[in-house]
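Colleague: First, the structure itself, so that you have it in front of you.
The values are calculated or read from the model by the stated rules, or taken from the named source; none is laboratory data. Fair warning: this is a prediction, and the values are worked out from it, not measured in the lab. Reconstructed Cβ throughout: ideal geometry from the backbone, glycine too, with neighbour counts over all protein chains shown.
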Amino acid sequence: MPEDRRILYTKMVLRESLLTLMKDQPINKISVTELCKHADLNRNTFYTHYDSPLHLLSSIEESFFEVIRGVIERSFMVGIDHGSLLEICEHIAANGDLCAILFSDHGNGDYLKRVIYILHDRSIAAWKEYAPHLPVDTLETLYSFIASGSAAIIADWVRTGMSQSPQQISEFIDQATRSVEQSFLS
């Protein structure tokens, strides 16, 4: 059964209030009292839905994570291509304010890496097939290098106001990734 509109509204107000507060301070400095005052809700209402501001943030992160995971899962059904990376970058651009907070030091510092690591198992498996001569620890290091680099590029893109288009940033990441893969897997 779908949630009541009042509950959806309350959760939206709490979400927006938390994200507004997180623009100026880290999640661990935000109290329930401060959040409720900003949202113009009482503490009982907050505790009906969440245990803490961190729990609310986790809920926000998980919703965004599931959308990105869906994009990646669809891309594997048709074969990973540049289009899926572009779709992820477009989704990040469309949610720029949210991503600026989620990818910042005020949020969970490892959130973007968690998103990037969705591809870990499938990438390692594909590389094993393509380059069976390479040891698994080399493939793990390769993935760490590519994932960390991609996360840094995306975080910097978001932090600096996304002046490049999603197309430009996804093409850069794709080109850099292919170049690194070719030099190791050939």
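Colleague: Please specify each residue of the range 61-86 satisfying the condition of being within 13 Å of the chain's Cα centre (by Cα), among the charged types (D, E, K, R) and modelled with pLDDT under 85.
Modeller: Selection gives ARG69 alone.
Colleague: When HIS91 is evaluated against the numbered criteria (1) over 30 Å from HIS55 (Cα atoms); (2) part of a helix (DSSP H, G or I); (3) in contact with a helix residue (DSSP H, G or I) (Cβ under 9 Å, 6 or more places away or on another chain), which criterion, by number, is the only one it fails?
Modeller: (1)
Colleague: Please list, ordered by first then second residue, the pairs with beta carbon atoms under 9 Å, 6 or more apart or interchain, first in the range 140-161 and under 13 Å from ILE116 (Cβ atoms), second outside any helix (DSSP H, G or I) and modelled with pLDDT under 90.
Modeller: ALA151/PHE103; ILE154/PHE103; ALA155/PHE103; ALA155/SER104
Colleague: Report yes if some residue within the range 48-55 is part of a helix (DSSP H, G or I), out of contact with any Gly (no Cβ under 6 Å at 6 or more places or on another chain) and of a type in the set (Asp, Glu); otherwise report no. Write out each step before concluding.
Modeller: Of the range 48-55, the ones part of a helix (DSSP H, G or I) are 48-49, 53-55.
If we keep only those that are out of contact with any Gly (no Cβ under 6 Å at 6 or more places or on another chain) as well, we get 48-49, 53-55.
Imposing the further condition that a residue be of a type in the set (Asp, Glu) reduces the set to none.
No, because not a single residue in the range 48-55 is part of a helix (DSSP H, G or I), out of contact with any Gly (no Cβ under 6 Å at 6 or more places or on another chain) and of a type in the set (Asp, Glu).
Colleague: How many residues does the range 147-179 contain that are hydroxyl-bearing (Ser, Thr, Tyr), over 16 Å from the mean Cα position of the chain (by Cα) and either buried (at least 16 other Cβ atoms within 10 Å of the Cβ) or modelled with pLDDT under 95 (or both)? Give the steps one after another, and end with the answer.
Modeller: Restricting attention to the range 147-179, the residues satisfying the condition of being hydroxyl-bearing (Ser, Thr, Tyr) are 148, 150, 160, 163, 165, 170, 177, 179.
Then drop every residue that is not over 16 Å from the mean Cα position of the chain (by Cα), which leaves 160, 163, 165, 177, 179.
Filter once more, keeping what is either buried (at least 16 other Cβ atoms within 10 Å of the Cβ) or modelled with pLDDT under 95 (or both): 160, 177, 179.
Looking only at that region, the number is 3.
Colleague: Identify the single condition in (1) of a type outside the set (A, V, I, L, M, F, W, C); (2) assigned to a helix (DSSP H, G or I); (3) exposed (fewer than 12 other Cβ atoms within 10 Å of the Cβ) that LYS11 does not satisfy, given that it satisfies every other one.
Modeller: (3)
Colleague: For the list (1) under 25 Å from GLY96 (Cβ atoms); (2) assigned to a helix (DSSP H, G or I); (3) not β-branched (Val, Ile, Thr), I need the number of the one condition that ASP24 fails.
Modeller: Tallying (1) under 25 Å from GLY96 (Cβ atoms); (2) assigned to a helix (DSSP H, G or I); (3) not β-branched (Val, Ile, Thr), ASP24 fails exactly one: (2).
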